Every structure is written in C-alpha cells, then in structure tokens.
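Here is the structure we will look at.
What follows is calculated from the coordinates using simple rules that are stated; it is not laboratory data. Here the structure is a predicted model, which is why all the values come from computation and not from measurement. Every residue, glycine as well, gets a Cβ built from its backbone with ideal geometry; the counts of neighbours run over all protein chains shown.
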Amino acid sequence: MLLRLLLLICAPLCEPTELFLKPSPSQTIEGNSMTLTCEIQPRLQTSKAQLQFCFFKDNGALKSGWNSSPELRILAMWTKDSGSYWCEAKTAKATTTIRSRRLWIQVQRVPVSDVSLETQPPGGHVTEGKKLVLVCSVAKGTGNITFLWYKGAMGLKLGTKTKHALTAEFEILTARENDTEQYYCAANNGFGLSLSGLVSITVRIPVSRPVLTLRTTGAQAVVGDMVELHCEAQRGSPPVLYQFYLKDVTLGSSWASSTGGASFNLSLTAERSGNYSCEASNGLEAQHSEAVPLIITVPTENRRDLLTSGVIEGLLGILGPTTFVLLFCYCLKRKIGRRSARESLRSTSSPLPQDSTYLNSPTPVPLQPVYGNVNTLSGDDIYSLVYSTQLEQESPAEPPRTLSKDKVSLPIYSKLKKITVIDMDYDDAV
C-alpha cells in the first residue's frame, strides 16, 4: 500500500512534462504593463498549492522569487527591460525543477510627436528684469526624452535636458531687452529630433522718468502767445501715453507710437501761470516728470484793464447789496410821501379869485400874485392857481373904472414836476 501511494505521487513528475512562459500582451509598448505566466503541459494532477514558481531575466531571478503563483505582473515596461525571460517550477518538497525555454521580450518605444513650445508668462510678453520660462512638450513619446531649446532662426542652442517625462522647462531668470527674439524647441527619444514651431518673445521695457520742456515763441511768455509742452521718456516700449498737467489739473494727452516723445500746444492767458508737469505710461508703470514753472507776462494795457475790471468787480461785490437796500428805502419813503401829499390836497379847499380893486394912489401898485391850490390831481402832478392883481390910481376927472370881464386874461397853466403853478393875470380895464 505504501509503495502504491508513492507511485501515485511521483507519477506526474515522472511523466514527460514541458514548461512554457507566456507574456501578455504579446507586444509590449514602453510604459505599459506586462504579465508573465508560467504554464505546465500536460497539466499536473497535483494541486497547485504543492507547486512553486520563479521568474528569471537574463542571468538573474526577478525580485518576486519563489511563490505559489504562476503569474508575475510588471506594472511598467521600458526599453531597458528588454531581454531574455524564462520561468521554473517545482514541488514544495522536490529537489528537481522544470525550466521553460527562454523567451526574448522586446519593449517597443513610441517616437515623440507633436512637439510644442509655450511661455510663462503666457503670450510671449515679459517685463524687463522678470523671469521667462520656456516649456517644451510632446503629445506622444516613450522612454527618456531629450529636450533642446534654441534662440533665433539660426538656432543658437540655449540648453538641453533629458527626462522620463513628456514636458521640460528652460528658465531665463532675468529677461533683458536683447532677449526679444524667436524661440523653438526639439525633442528626441532615439528616433531623431522632432521640432516645434517658432514662438516670438517680446521683452517690454518700463518707461523711464520723462523730461518736460516748455517752448515759447518769444524770450518771454506773454498773454496771447502759444507755448509748446514737450514730454519725452528716454526708455520705454511703445506705445507710450503722455499726459500734461498744470497744478495737478489735466490739460490734455497724446499717444506716441515711437521714440521722440509727444507735444501739446497751449494758448497763454494770465490765469495759466504756475507749475507744469507731464506723465508717461506704457501700461507697465507710470512715471511723473519734475515740475517746470512758467510765469506769464501781462502787457500794461491788459494789466490796467484787468485791474479796472477787478476793482469794479470788487466794488460791485461790496456795494451791490448796500445799493439795493438804499434803493428799497428810497422807494418806500417816496411812496409814503406821495400818499401824505394826496391826503393833504384832498382836504384843502381852493379859494375863489376876488375882483381887483383900485385905490387912489399917485403911483401904480405892482401886481400882487395870489396863490391858490387847485383841487385837481393827475397822477403824481399837483397844480396851483396864481392870480395877479394890480392897483392903479384913478384920475379925478375920470369916473371910477370897474373890472372888465372881457379883459381878463386866460389862465396860464404851467406843468411842473410834482407842482404846477397856474398864473392868472387880471389886466386893467380899458
């Protein structure tokens, strides 16, 4: 019984068997995973738990060593992993092993493709003194890739890096004005160089502090003349915006698309004396010039006119309110006076004229005017009636004469301002 049991255990190993190594996938691409399987044909009737497997490459065992699994998974295969592979199997207590045939495994490399160059900051614009980064990338490519950077169409080589990656960076720590140029990069993983397109890099220069120059037509700045304000920054990437100021008040602005600065023309008046300045900016940093004083000369006649107008304006400013108050008081007083006069006139009766009498006298008596108010009002006019009488001497031979009504002269009205006098003259009867 013991002998029969030994024969049953040893029979599978005594039969002719063969061990095979199978990779999956059959063609390995660099960077991909691969699984190695160790198979026995015909299959042993012994339980798998009683078998041990080991995988080998070239002349050495792989790190997995002996274990009960007939499979070995390699996460990533690279060109350096290309070589001769095989496996061995044995029972747990057996002293003999079965070896598979050697299998050559070639890891396939993918050539680089779609090489491109990008910049940081984006757009290819960098400020002078700042860092510029050139990023070279490939869409496809396996294994170690060598990246190269070039400046200018003639291909001035800047640097080289080899990385097991699809991107690499080249840095220009401090950009200068002469770094304004076209750039490109290249990549190679053993199949030859693959080039990117050209990328233009522009290094922008901040404006320097501008200088303001005032140009007048004569030796002195006189009212009515024209003055040219010229502002210019020696350095700065165009376009540059120039703005002009008088005592921090903006006068105008002008763009300059090239070097040489910009100008602004101004007509001079007496109020435009003061400190002038200008500002330059190209979007990076604004710079302000120093102040330039300008004294405007006023001609003598203009000065007299300005002085007169100033005095008049000052007097009007002072006397205006006072004059208004006085006029108001005067009008009020006048209105009150007119009302009193009207009331007095209405209350006074007008005397009737009396017949002139003649007295004996050696000499004629001059006319004696008799005044009487006429109770008549027309607007603001007041009329007075004046009667003139004359006393004459009567001769003894002549009879007494009486006043003849037909010889009475017509009343004469004289319209005066405010008071009108009416003169009635009684002539002697003929």
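How big is the gap, in Å, between the Cα center of the stretch 170-229 and the Cα center of the stretch 111-143?
22 Å
Taking the DSSP beta bridges in the stretch 13-108 as the whole, what percent of them are antiparallel, to the nearest 5? Could the numbers behind the result be given before it?
Numbers: 26 of 28 bridges.
So the antiparallel bridges amount to about 95 percent of the total.
Taking every pair of distinct Cα atoms and averaging 1/r, then inverting, what Kirkwood hydrodynamic radius in Å comes out for the stretch 113-204?
Computed over Cα pairs of the stretch 113-204, the Kirkwood hydrodynamic radius comes out at 13.2 Å.
Peptides 247-253, 107-113, 286-292: what's the order by average Cβ count within 10 Å, highest mean first? Before the final figure, lay out each step's value.
On the way: 247-253: 11.3, 107-113: 17.6, 286-292: 15.7.
Going from most to least packed, we get 107-113, 286-292, 247-253.
Arrange Trp149, Trp66 by Cβ neighbour counts within 10 Å, fewest through most, would you?
Trp66, Trp149
Arranged by the count of other C-beta atoms within 10 angstrom, fewest first, what order do Lys93, Lys151, Lys157 take?
Listed from fewest to most nearby Cβ atoms, that is Lys93, Lys157, Lys151.
Report, for the stretch 113-204, the % of DSSP beta bridges that are antiparallel, rounded to 5.
If I count the DSSP bridges inside the stretch 113-204, around 90 percent turn out antiparallel.
Given a cut-off of under 8 Å on Cα pairs at least six residues apart, what relative contact order in percent is computed for the stretch 211-297?
33 percent
Most exposed first by the Cβ proxy, i.e. fewest other Cβ within 10 Å, how do Asp114, Asp179 rank?
So the ranking, lowest neighbour count to highest, is Asp114, Asp179.
Which of the listed residues, Thr17, Pro42, Asn67, is farthest toward the dipole's positive end in the stretch 13-108, when Lys, Arg count +1 and Asp, Glu count -1 at the beta-carbon?
Comparing the listed Cα positions along the dipole, Asn67 ranks first.
Packing-wise, with mean Cβ within 10 Å as the measure, how do 129-138, 255-264 rank, highest first?
129-138, 255-264
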